[in-house]
1. Looking only at segment 45-62, decide whether some residue is within 21 Å of Leu142 (Cβ to Cβ), outside any loop (DSSP other than H, G, I, E, B) and touching a residue at least 24 places away in the same chain (Cβ under 8 Å).
2. Going residue by residue through segment 178-187, is there one that turns out to be in the same structural domain as Arg229 (by TED's automatic domain parsing), aliphatic (A, V, I, L, M) and over 18 Å from Thr208 (Cα atoms)?
3. Would you call Asp164 surrounded by fewer than 20 Cβ atoms within 10 Å (Cβ to Cβ) and more than 19 Å from the chain's Cα centre (by Cα)?
4. Considering only residues that are closer than 18 Å to Ser264 by Cα and either hydroxyl-bearing (Ser, Thr, Tyr) or crowded, with 20+ Cβ neighbours inside 10 Å (or both), look in segment 284-294 and name the one that is nearest to the chain's Cα centre (by Cα).
5. Could you grab me the full set of residues in segment 140-155 that are out of contact with any helix residue (DSSP H, G or I) (no Cβ under 9 Å at 6 or more places or on another chain) and either surrounded by 22 or more Cβ atoms within 10 Å (Cβ to Cβ) or not polar (S, T, N, Q) (or both)?
6. Being buried (at least 20 other Cβ atoms within 10 Å of the Cβ), of a type in the set (Val, Ile, Thr) and in contact with a strand residue (DSSP E or B) (Cβ under 9 Å, 6 or more places away or on another chain) is the filter here, so list the residues in segment 240-270 that pass it.
7. With the structure loaded, tell me whether Ile148 is touching a Cys at 6+ places or on another chain (Cβ under 8 Å) and either under 13 Å from Thr101 (Cα atoms) or assigned to a loop (DSSP other than H, G, I, E, B) (or both) or whether it fails that test.
8. For segment 26-44, give me each residue that is under 26 Å from the mean Cα position of the chain (by Cα), hydroxyl-bearing (Ser, Thr, Tyr) and assigned to a loop (DSSP other than H, G, I, E, B).
Amino acid sequence: MIDIKSMTQEELGVWLKEQGEPGFRAKQIFTWLHRGATSFEEMTNLSKPLRERLSAQCVITHPEVARKQVSAQDGTIKYLWRLLDGNCIETVLMRYHHGNTVCISSQVGCRMGCAFCASTLGGKVRDLTPSEMIDQVLFTQLDAGVSISNIVLMGIGEPLDNFDTVLRFLELVNHPDGLNIGMRHISLSTCGLTEKIDKLAEHRLQLTLSVSLHAPDDETRSKIMPVNRGIGVEKLFDTCRRYFETTGRRISYEYAMIDGVNDSDAQADFLAQHLKGTPGHVNLIPLNEVKESPLKPSRRVAEFQRRLERQGITVTVRRKLGGDIDASCGQLRRKAMGEGSESPADKVRPDGRKD
């Protein structure tokens, strides 16, 4: 079966012409798909014979809500979506004064092995498709009844480990006949796959690249982020400088503050030394506790921030949202997986209750 929502409008037009249909049908179908149609029967401006042929040849992906948690503190919503194959992924809707941001997943599970992240505890199961990434934005918007203005690719998975799919997703979500979310409203987070960062730079996209740094030295970073062992901090910073020179887009360096691990004055000074002369900023993240991890939130966030700022580094501290609803990446999926079933879908129902 053809995953029709993963096709661009241009590809859809070519395919329809091969079926003997006029080209203008492509825009009609594309628009229906990106408004949330879940069956071809809903596409009332198509002829019945065409709808029947499409139903026989194509599948329309659409996730089901396996679990939904709403924060009583700040209105953050966390979704556990069940995909057509029974796998589950997470999406988080965050509300800010400047608009609504959705944090989406790019893979089912993750193979990067970062010590502070719940997403990687079960390893990587598979890559998501472009349609499954689009669905997270689309159906979060429809279920919550709000307009999404910003997207962060910072959920389960490493986006650059699913490179071609992510590029296709960016093209689809940016399309004027689709969700029409501009590149400057999209952030892509990576743990630092340097070859893929160089490859991304070639496309000169106007998105924001966020690098999950979390330590300025190889000894610390390699302990908490195994990906660093084959790359190294110096190579990563060199790659980031090339990215800026190629794209003109400054990089955001994500830094989860971990008590006694990466929050010393010496590490703040070393980080400032790496960043001097390179446009960018540091986003300090108060660590979300993961039950399975011994790592604890730092008590030195404010001191670390002040030390960086005194050395001319632009620093922000991420506002902590959804602390009462397992909003840290991977926690909800992990909790569902731990309920005794191989598949989270076996243990949860669309209304959020356990079977």
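The values are calculated or read from the model by the stated rules, or taken from the named source; none is laboratory data. Every value quoted in this text rests on a predicted model; they were computed, and no experiment measured them. Neighbour counts are summed over all protein chains in view; Cβ atoms, including those assigned to glycine, are modelled from backbone coordinates with ideal geometry.
1. The answer is yes; a qualifying residue exists.
2. Scanning segment 178-187 turns up at least one residue that is in the same structural domain as Arg229 (by TED's automatic domain parsing), aliphatic (A, V, I, L, M) and over 18 Å from Thr208 (Cα atoms).
3. no
4. It comes out as Ile285.
5. Taking segment 140-155 and keeping what is out of contact with any helix residue (DSSP H, G or I) (no Cβ under 9 Å at 6 or more places or on another chain), we get 140-145, 152, 154.
Thr140, Leu142, Asp143, Ala144, Gly145, Val152, Met154, listed by residue number.
6. Answer for segment 240-270, where residues must be buried (at least 20 other Cβ atoms within 10 Å of the Cβ), of a type in the set (Val, Ile, Thr) and in contact with a strand residue (DSSP E or B) (Cβ under 9 Å, 6 or more places away or on another chain): Ile251, Ile258.
7. On the way: touching a Cys at 6+ places or on another chain (Cβ under 8 Å): no; either under 13 Å from Thr101 (Cα atoms) or assigned to a loop (DSSP other than H, G, I, E, B) (or both): yes.
No: the conditions fail for Ile148.
8. Thr38 - this is the single residue of segment 26-44 that is under 26 Å from the mean Cα position of the chain (by Cα), hydroxyl-bearing (Ser, Thr, Tyr) and assigned to a loop (DSSP other than H, G, I, E, B).
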